[in-house]
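Working notes, beginning with the structure itself.
Here, each number is a calculation from the coordinates, and none is a lab measurement. Keep in mind that this is a model prediction, so the values were computed, not measured. Note: ideal-geometry Cβ built from the backbone for every residue, glycine included; neighbour counts use all protein chains shown.
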There are 2 protein chains.
Amino acid sequence: MARFMDVHSGMVGATEKDFRMAHEKDTAIEADEGVHFERSWLYPQTGKAFCLSTGPSKEAVLRVHERAGHPAAEVYEVPVEVS
Amino acid sequence: MARFMDVHSGMVGATEKDFRMAHEKDTAIEADEGVHFERSWLYPQTGKAFCLSTGPSKEAVLRVHERAGHPAAEVYEVPVEVS
């Protein structure tokens, strides 16, 4: 299982409620692809969003977002984490 | 206190050790600016890195990275988080 960060660019003006609903669409189907979305963040002014997930591949992460109706613009595997 | 995600683009080929050292440079001085770096992630192949932090302003976050020697290419306030 690998860790990924994906980036969305088009959620301009999305509210916290919109974002929560989008996240729920992802989490409702994520298990089909072996993906789990851990945390997601939104910058409403420009519609930039970041999602941290684990899963088997970039493609699996992208498929979940695609099927949920909000495809990601970019996805990066992030094997290194510090905290 | 607000939450921020910043993005670096030039850490190509950085190892986990390099990344940890960079993070330690940030955390050594972050208190000067009222910033705290919570978690950071690296995609070594293209040198893309993401840092999640809290702090008083974008400028404060950027100043810590600048002073630590690895300026961020982008920074976004992310007031909305879901998990």
Using the alpha-carbon centroid of each, what span in Å lies between the stretch B:23-58 and the stretch A:25-72? 23
Square roots of five times the C-alpha gyration tensor eigenvalues of chain A, ordered largest first and given in whole Å, equal 19, 15, 11
Please give the average number of partner chain Cβ atoms lying within 10 Å of the Cβ of each residue in B:37-43, rounded to a whole number. 6
Could you compute the FRET efficiency for B:V12 and B:T54, with r as their C-beta to C-beta distance and R0 at 30 Å, rounded to 0.05? 0.60
In percent, what relative contact order does chain A have, based on Cα pairs under 8 Å that are 6 or more apart in sequence? 45
Rounded to 10°, Cα long-axis angle of helix A:58-67 versus longest principal axis of chain A: 40
At 7 Å along Cα-to-Cβ for each site, give me the label-to-label distance between A:I29 and B:A31 in nm. 4.8
Cross-link table A:K58/B:K58; A:K48/B:K48; B:K25/B:K48; A:K48/B:K58; B:K17/B:K48, entries beyond 25 Å C-alpha to C-alpha: A:K58/B:K58
Rounded to the nearest 500, what is the 222 nm mean residue ellipticity of the protein assembly as shown from helices alone, with -39500 (n - 2.57) per DSSP H run of 4+ residues and division by all residues? -9000 deg cm²/dmol
Taking the label point as lying 7 angstrom from Cα along the Cα-to-Cβ axis, what are the distances from A:P56 to the corresponding position in the remaining copies, in ascending order and in nanometres? 5.0
Which chain A residue puts its Cβ closest to the axis that rotates A onto B, and at what distance in whole Å? A:F50, 3
How many nanometers, to one decimal and shortest first, lie between the label point of B:H36 and those of its other copies, if labels sit 7 Å from Cα toward Cβ? 2.5
Place the label 7 angstrom along Cα→C-beta at B:R67 and in each other copy, then list the distances from the first to the rest in nm, shortest first. 4.8
From the Cα trace of the stretch B:5-47, what convex hull volume per residue do you get, rounded to a whole Å³? 71
With T = 37 °C, eta = 0.692 mPa s and Kirkwood Rh from C-alpha pairs, the Stokes-Einstein D of the protein assembly as shown in µm²/s is about 205
